[in-house]
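Right, one structure below, let's go through it.
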Amino acid sequence: MANKWVYLFSEGDASMRNLLGGKGANLAEMTKIIGADVVPQGFTITTEACTQYYEDGRKINDEIQAQINEYIVKMEEITGKKFGDLENPLLVSVRSGARASMPGMMDTILNLGLNEDVVNTMAEKSGNPRWAWDCYRRFIQMYSDVVMEVGKKYFEELIDEMKEKKGVTQDVDLTAEDLKELANQFKAEYKDKIGEDFPTDPKVQLMGAIQAVFRSWDNPRANVYRRDNDIPYSWGTAVNVQSMAFGNMGENCGTGVAFTRDPSTGEKKLMGEFLTNAQGEDVVAGVRTPMPIAQMEEKFPAAFAKFQEICARLENHYRDMQDMEFTVENEKLYMLQTRNGKRTAQAALKIACDLVDEGMRTEEEAVAMIDPRNLDTLLHPQFDAKALKAATPMGKGLGASPGAACGKVVFTADDAVAWAERGEKVVLVRLETSPEDITGMKAAQGILTVRGGMTSHAAVVARGMGTCCVSGCGEINMDEENKKFTLAGQTFTEGSEISIDGTTGNIYAGIIPTVDAVIAGEFERIMNWADKFRTLKVRTNADTPADARKARELGAEGIGLCRTEHMFFEEDRIAAFREMICADTAEEREVALEKILPYQQGDFEGLFEALEGHPVTIRFLDPPLHEFVPTEEADIKKLADAQGKSVEDIKAIITSLHEFNPMMGHRGLRLAVTYPEIAKMQTKAVIRAAINVQKAHADWKVVPEIMIPLSCDTKELKYVRDIVIATANEEISTAGAELHYEVGTMMEIPRACLTADEIAQNADFFCFGTNDLTQMTYGFSRDDAGKFLEAYYDTKIFENDPFARLDQSGVGKLMEMAIKLGKPANENLHVGICGEHGGDPTSVEFCHKIGLDYVSCSPFRVPIARLAAAQAAINNAHK
Ligand code: PEP
Ligand code: MG
């Protein structure tokens, strides 16, 4: 049989998500649970058809078109309506639906199937010409925008002109005649822009719309969203064609969006918004500010009661908070979609805990439900409670996405990006946001909108991103064109400072200071459950006792990387460090090193204290030397004086330190090979610090792990290791102490991985430095790749930044090889990762699978890694 590209809703179910997309699978499942009379029926064109469309050079091939036409006939039979029919016309919505929900990223078209003849008969037969013409003008508008990419703004301008001409402020106040005139204006606009008449044949319209949805899978905002959310391009989107239910037929109709629990806080209560005499996009686009769902009960008691009953059924069935779209047509309820609702991190934690307490989910399932990337928002600073109390809000909107944001006001997405790029913190203030604003929303600390409710684009997208958002502050008097607004009598222009609270919705003038977040309540509960399931340990990358303590609070079980070169940025230290690198004899270097030793020892003592006997890995110096040489004339003079040299001598040394490719230059253990006294000094500092802290805390077990960076050859490693061991043993015996220590290496050069069996004979542990390993495996400079990677995304050569998300097939293969070669050669070898990937959830899962002992990441990513490690253990146990 030929491929099956199309499924009726009645042919699918929830298990077919990969093929039918989330929306299609849920429409099928919902048809099963609550019946075809409540779910307007239709069909789903599969995600495979989308992939095929791209394989065929962005064409819907004949076989797929034939099946779509076949299913139109089936749909006509099921609904008893017909495309283009003057008696009983079939109108449909066309919506995208990928495997993973991507709210607002792709396109939707409503009221497809209309042409002038159909509109006239609909107007006549319904006795409601206003409705018929409203549908038509919406359809032309959406079709022109989505399918032909004419651009919304022309149509919006025409609507605004019409409203002005008629002296009304709301769309709903326009009459049938006005709307008819608008429809004609829209069609003229279409012809002007496209050079053809607006299509009248519903089948032609449908094929165009399906094609547009497939195409929208590849639009820039969808591509950015996918990259941020680890959704592969190869998945494609399905297209759902559903018979229309009309919320815009008059006052006994309406449309709404609702959640079974509050998506901001997680509280168990029906939350949602409703608009009478409207269609779905009116609620989501924030064009009119909707009423709370509770008011629907007064207007449509029967439909509301039925809706409540369906909500309970759907939530019990999916055992998760549901986000639903519905329409009331002549007081009868129709369910248009349901899905597991997007939620804030805070709500996600509360809902997961509540579902466990309600007996709906196990602890393991609760842990698996939380997207680790979302936790990031909870770890962001919150407003300082005292400062917040002292501040007076100047306005209030809806607390649409929690968190604290302060910064300078900008009015466009482009400005948000540009200002953020030059290091400014900005709050993006808009009348309402639209999908084109996504990059600006990402660049901003927070988003403030004048229009739109809790389900508006701004609110949904900001929650998804974890960005603080206050929406629908109608008190703002906005002048977007002149980049200013007024609120509470104050005028704010571009660059003015404001603070917004995404939890309460409060808006403040000026900057309110923020404080670090803590893990407590439900967050703590979930983290404790996660720790029960994970087998991978989580350490932190920390160079200071303060960072180390923060990481411990967040659950780190050790330090996986202390970059010792970072300990020299302070003024008096950098002077000594410069003396060391600008020394030209071993004696001079030793004098400088003597100055550095006490600093280092003190630093290490601080770290051992902060870690209270948990492992501390100290990496020996790996500085790109050019970052440390003085560039200012005054600093050069100071150095010259300190070393009794002339300025010219120092300048000559600086010139001699110049390297064409410092990343592949004199760094890592190469420094210890040329200047063994550096490794000796660092060993002394580590061992002395460990002995002192061990003495002070007999109940701790201080085991320093000395890590040699950048080795590529076992003899090279042995040379440095022997120096370290000889120095350490001498220190220990001189002190008359007992101390166990380890000497391992970073694995960050492909050759080290390829010869890991040899390297393992001279290492107690391996730690993958995947920043350098990625750099050297790809041959991409980690400092410069950003300049050209964008082109790789645009051309789909790459879907992700390999420096952010571990390349499992290349870099990952080297890691696997290193473990397979290394462990048999040294059975006590323990293995970790400390590159940036150690805090990225998908990379953490990979590390679990290939048998690493720990991941190490920056302090604020520790909870993310803990949760990702637990999920990796849960998911892989069940396979
Ligand atoms: C690495 O290369 O992955 C690493 C952790 O070291 P650094 O980033 O300091 O080079
Ligand atoms: Mg490195």
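Here are a few things to note about the model shown:
- Elements of the type strands (runs of 3 or more DSSP E) sitting completely within the stretch 265-348 and holding at least 1 residues that are among the small types (Gly, Ala, Ser): these cover 271-276.
- Looking only at residues in the stretch 788-800 that are over 24 Å from THR51 (Cβ atoms) and within 21 Å of the chain's Cα centre (by Cα), the one that is nearest to ligand 2 (Cβ to nearest atom) is LEU789.
- Count of residues meeting criterion [within 16 Å of ligand 1 (Cβ to nearest atom) and either out of contact with any Lys or Arg (no Cβ under 9 Å at 6 or more places or on another chain) or part of a loop (DSSP other than H, G, I, E, B) (or both)] in the stretch 697-716: 5
- Cross-chain or 6+ apart pairs with Cβ under 8 Å, the stretch 293-311 first and touching a residue at least 40 places away in the same chain (Cβ under 8 Å), then open to solvent by 90 Å² or more (accessible area, probe 1.4 Å): PHE300/GLU331
- Residue count, the stretch 795-819 (criterion: outside any loop (DSSP other than H, G, I, E, B), in contact (Cβ under 8 Å) with a residue 60 or more places away in the chain and not β-branched (Val, Ile, Thr)): 4
- Only one entry in PRO615, PRO662 is within 37 Å of the chain's Cα centre (by Cα), within 16 Å of ligand 1 (Cβ to nearest atom) and not charged (D, E, K, R), namely PRO662.
- Checking VAL693 against (1) of a type in the set (A, V, I, L, M); (2) open to solvent by less than 10 Å² (accessible area, probe 1.4 Å); (3) within 20 Å of LEU621 (Cα to Cα); (4) out of contact with any Leu (no Cβ under 7 Å at 6 or more places or on another chain), the condition it does not meet: (3)
- Qualifying residue in the stretch 217-225 (condition: over 16 Å from GLY21 (Cα atoms), open to solvent by 30 Å² or more (accessible area, probe 1.4 Å) and modelled with pLDDT under 85): yes
- When the stretch 727-772 is filtered for residues that are open to solvent by 10 Å² or more (accessible area, probe 1.4 Å), β-branched (Val, Ile, Thr) and within 16 Å of ligand 1 (Cβ to nearest atom), only ILE749 remains.
- Check on PHE788, open to solvent by 20 Å² or more (accessible area, probe 1.4 Å), touching a Phe, Trp or Tyr at 6+ places or on another chain (Cβ under 9 Å) and not in a loop (DSSP other than H, G, I, E, B): yes
- Residues that are within 10 Å of ligand 2 (Cβ to nearest atom) number at least 3 in the following helices (runs of 4 or more DSSP H) confined to the stretch 736-782: 770-778.
- For the stretch 818-837, the tally of residues that are in contact with a helix residue (DSSP H, G or I) (Cβ under 7 Å, 6 or more places away or on another chain), at pLDDT 95 or above and under 21 Å from LYS537 (Cα atoms) stands at 6.
- Residue match in the stretch 706-718 (condition: open to solvent by 50 Å² or more (accessible area, probe 1.4 Å) and small (Gly, Ala, Ser)): no
- Listed by first and then second residue, the pairs linking a residue in the stretch 756-773 that is over 19 Å from HIS848 (Cα atoms) to a residue that is of a type in the set (A, V, I, L, M) and in a strand (DSSP E or B), with Cβ atoms under 7 Å apart and 6 or more places separating them unless they lie on different chains, are ASP764/VAL743.
Every residue, every condition in (1) hydroxyl-bearing (Ser, Thr, Tyr); (2) within 16 Å of ligand 1 (Cβ to nearest atom); (3) at pLDDT below 85; (4) in a strand (DSSP E or B), yes or no:
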residue	(1), (2), (3), (4)
ILE507	no, no, no, yes
TRP529	no, no, no, no
HIS566	no, yes, yes, no
GLU587	no, no, no, no
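- Some residue of the stretch 72-90 being small (Gly, Ala, Ser) and on the phi < 0 side of the Ramachandran plot: no
- Filtered residues of the stretch 838-879 (kept if under 17 Å from ALA551 (Cα atoms), part of a helix (DSSP H, G or I) and of a type outside the set (D, E, K, R)): GLY838, GLY839, PRO859, PHE860, VAL862, PRO863, ILE864, ALA865, LEU867, ALA868, ALA869
- Among the residues of the stretch 813-832, not a single one is within 16 Å of ligand 2 (Cβ to nearest atom), under 27 Å from PRO859 (Cβ atoms) and open to solvent by 10 Å² or more (accessible area, probe 1.4 Å).
- Test: residue in the stretch 634-651 that is within 15 Å of ligand 1 (Cβ to nearest atom) and either in contact (Cβ under 8 Å) with a residue 24 or more places away in the chain or not in a helix (DSSP H, G or I) (or both): no
Residues are listed down the side, and each one gets a yes or a no for (1) of a type in the set (Gly, Ala, Ser); (2) over 30 Å from LEU789 (Cα atoms); (3) in a helix (DSSP H, G or I); (4) open to solvent by 20 Å² or more (accessible area, probe 1.4 Å):
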| residue | (1), (2), (3), (4) |
| --- | --- |
| GLU149 | no, no, no, yes |
| GLU156 | no, yes, yes, yes |
| GLU161 | no, yes, yes, yes |
| ASN184 | no, yes, yes, yes |
| GLN205 | no, yes, yes, no |
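The rows are residues; the columns are (1) more than 28 Å from the chain's Cα centre (by Cα); (2) within 19 Å of ASP201 (Cβ to Cβ); (3) aliphatic (A, V, I, L, M).
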site: LEU86; (1), (2), (3): yes, yes, yes
site: LEU90; (1), (2), (3): yes, yes, yes
site: PRO103; (1), (2), (3): no, no, no
site: LEU112; (1), (2), (3): yes, yes, yes
site: GLU116; (1), (2), (3): yes, yes, no
site: ASN128; (1), (2), (3): yes, no, no
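- Test result for GLU627, within 16 Å of ligand 2 (Cβ to nearest atom), out of contact with any Phe, Trp or Tyr (no Cβ under 8 Å at 6 or more places or on another chain) and either at negative phi or modelled with pLDDT of 90 or more (or both): yes
- Within the stretch 569-578, the set of residues being open to solvent by 20 Å² or more (accessible area, probe 1.4 Å) and assigned to a helix (DSSP H, G or I) comprises GLU571, ASP572, ARG573, ILE574, ALA575, ARG578.
The values are calculated or read from the model by the stated rules, or taken from the named source; none is laboratory data. Computed from a predicted structure; not experimentally measured. No Cβ is skipped: glycine too gets one built from the backbone with ideal geometry, and neighbour counts run over all protein chains shown. We work out accessible area using only protein heavy atoms, side chains counted, and drop any ligands, DNA or RNA first. Shrake-Rupley method; radii C 1.70, N 1.55, O 1.52, S 1.80 Å.
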